[in-house]
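Asks: Quick one: the structure is below, questions incoming.
The values are calculated or read from the model by the stated rules, or taken from the named source; none is laboratory data. All figures in this text were calculated on a predicted structure; none of them were measured in a lab. No Cβ is skipped: glycine too gets one built from the backbone with ideal geometry, and neighbour counts run over all protein chains shown.
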Amino acid sequence: MEPRQERGLAIANRCYIGQEKGFWLVPSQSSQGRYRVLDGDHPTCSCPDYENRGEKCKHIFAVEYIVEFRKNSDGLQMMRETLQVSETRRPSYPQNWPAYNAAQTNEKQQFQSLLHDLCEGIAEPQQAKGRPRIPLSDAVFAATFKIYSTFSGRRFMTDLRDAQAKGFIQRLPHYNSIFNYLENPELTPILTALITQSALPLKAIENEFAIDSTGFMTSRFTRWFDKKYGTVREEHDWVKAHIVCGVKTNVVTAVEIQGQHTNDSPLLPALINHTAKNFEVKEVLADKGYSSARNLEAVLAVNATPYIAFKAKTRGNTRGGTWQKMFHYFSFNQEQFFAHYHKRSNIESTVMMIKTKFRDHVRSKTDVAMKNEVLCKILCHNICCLISAIHELGINPVFWSSN
């Protein structure tokens, strides 16, 4: 039994499915809405899965089980037995608990050590005059470690004094100095380089990559007058990060932070090219927001296969070349396509890992500081991925190596 049949059977067994104006109303498993299913020789459904694939979805299977149940007097018992058999065959993914426990219980100590090794590769700018500045490596270490702690600047100073006692930094900065460095635009390329460098120890493991964007809420508001309803409305501003991650370890290999209303699709070539400079890219996975001939060509240019979903109204005869070939593959080999495409969900996991552990908002007030704060969150996430790989895969990270 296919996964969609199993989920359809579960819906039919546990949910009420009624009829209205000739359609079956099937509850959604991910929201409170319902999808309209028209049964018959050529059943259709209003859900996104059917619109993308054009084949039976779990809602159509649920209706078929309901119809079969009404025909069969023993349908309820048959449905329960089938559900029990299908649930016992569901694949499981065991967790390496000893390695996971070791990574979590030693994370904070190893985080400081790995961050110190990364910061040692930062070139110290020359100072011609003025009071001696805090070493740039110490400033980056303090700012990143502060974001990792999720504490306020004042409460974080205890951890920073402990880091100085262990030799991870030379000078102890004032907490206001940490905020001042975050507002420095010269810190942005340094943090971006550290993110790339922190991902390199996993280059032998990662060759399939997913791309998407996500937003981090700020403390600033945008207000406007809604003329239609005659009222003032407001919403939070946010920082939008476009990221590429490996689907095995969830490490971020490339990141771009631009305006909050920047379109996702045009940024794919630059992000994939940056990843391809350091990794062997075999597959690129993206949702239909990245569907364009330019993006398909950009992925093929790095000798990778693009698994980018097409929009529901897309037609393959509008363009030739790569676009037409990939559309035909998407249309007539959907089982093989989605066998690869389902790995795109790992970027959703990556985003959730970052936001759950290091918060889904930024505390900084200025545009530059907010951008640097998001980069620090991603750098912290990469170091945590390295710590997990150390315990689960036995790797030994080495940074700033010429090999």
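Asks: Check segment 178-191 and report whether any residue there is in contact with a His (Cβ under 6 Å, 6 or more places away or on another chain), buried (at least 17 other Cβ atoms within 10 Å of the Cβ) and under 23 Å from residue 386 (Cα atoms).
Replies: no
Asks: Which members of segment 30-50 meet the condition of being among the acidic types (Asp, Glu) and closer than 24 Å to residue 310 by Cβ?
Replies: 49
Asks: Only one of 150, 158 is at pLDDT 95 or above and within 15 Å of residue 379 (Cβ to Cβ); which?
Replies: 150
Asks: Name the single residue that is farthest from the chain's Cα centre (by Cα) among those in segment 29-66 being closer than 25 Å to residue 314 by Cα and of a type in the set (Ser, Thr, Tyr).
Replies: By that ranking, first place goes to 44.
Asks: Further question on the same structure: From the list 354, 395, which one is in contact with a strand residue (DSSP E or B) (Cβ under 9 Å, 6 or more places away or on another chain) and on the phi < 0 side of the Ramachandran plot?
Replies: 354
Asks: Among the residues of segment 345-403, which ones are touching an Asp or Glu at 6+ places or on another chain (Cβ under 6 Å) and within 26 Å of residue 185 (Cα to Cα)?
Replies: Within segment 345-403, 362, 364, 366, 368, 369, 399 meet the criteria.
Asks: Moving on to the next point. Just the residues that are over 24 Å from residue 50 (Cβ atoms) and in contact with a strand residue (DSSP E or B) (Cβ under 8 Å, 6 or more places away or on another chain), please, taken from segment 303-341.
Replies: Result: 304, 305.
Asks: I need every pair where a residue in segment 333-359 that is farther than 13 Å from residue 380 by Cβ has its Cβ under 6 Å from the Cβ of a residue that is part of a helix (DSSP H, G or I), sequence separation at least 6 or different chains.
Replies: From segment 333-359, the pairs are 334/53; 337/330.
Asks: Check 261, 274, 242, 236 and return the single one that is in a loop (DSSP other than H, G, I, E, B) and of a type outside the set (Ser, Thr, Tyr).
Replies: 261
Asks: Since residue 340 meets every condition but one in (1) modelled with pLDDT of 90 or more; (2) in contact with a helix residue (DSSP H, G or I) (Cβ under 9 Å, 6 or more places away or on another chain), which condition does it not meet?
Replies: Of everything listed in (1) modelled with pLDDT of 90 or more; (2) in contact with a helix residue (DSSP H, G or I) (Cβ under 9 Å, 6 or more places away or on another chain), residue 340 misses just condition (2).
Asks: Another question about this same structure. Take the conditions buried (at least 16 other Cβ atoms within 10 Å of the Cβ), over 24 Å from residue 358 (Cβ atoms) and among the aliphatic types (A, V, I, L, M) and apply them to residue 254. Does it pass?
Replies: no
Asks: Taking interchain pairs and intrachain pairs at least six residues apart, which have beta carbon atoms under 7 angstrom, with the first residue in segment 374-403 and within 14 Å of residue 102 (Cβ to Cβ) and the second in a helix (DSSP H, G or I) and acidic (Asp, Glu)?
Replies: 384/107; 387/107
Asks: Moving on to the next point. Mind checking which residues of segment 370-388 are over 11 Å from residue 114 (Cα atoms) and more than 18 Å from the chain's Cα centre (by Cα)?
Replies: Passing the criteria: 370, 372.
Asks: Within segment 151-171, count every residue that is more than 18 Å from residue 120 (Cβ to Cβ) and in a loop (DSSP other than H, G, I, E, B).
Replies: Summing the residues that are more than 18 Å from residue 120 (Cβ to Cβ) and in a loop (DSSP other than H, G, I, E, B) in segment 151-171 gives 2.
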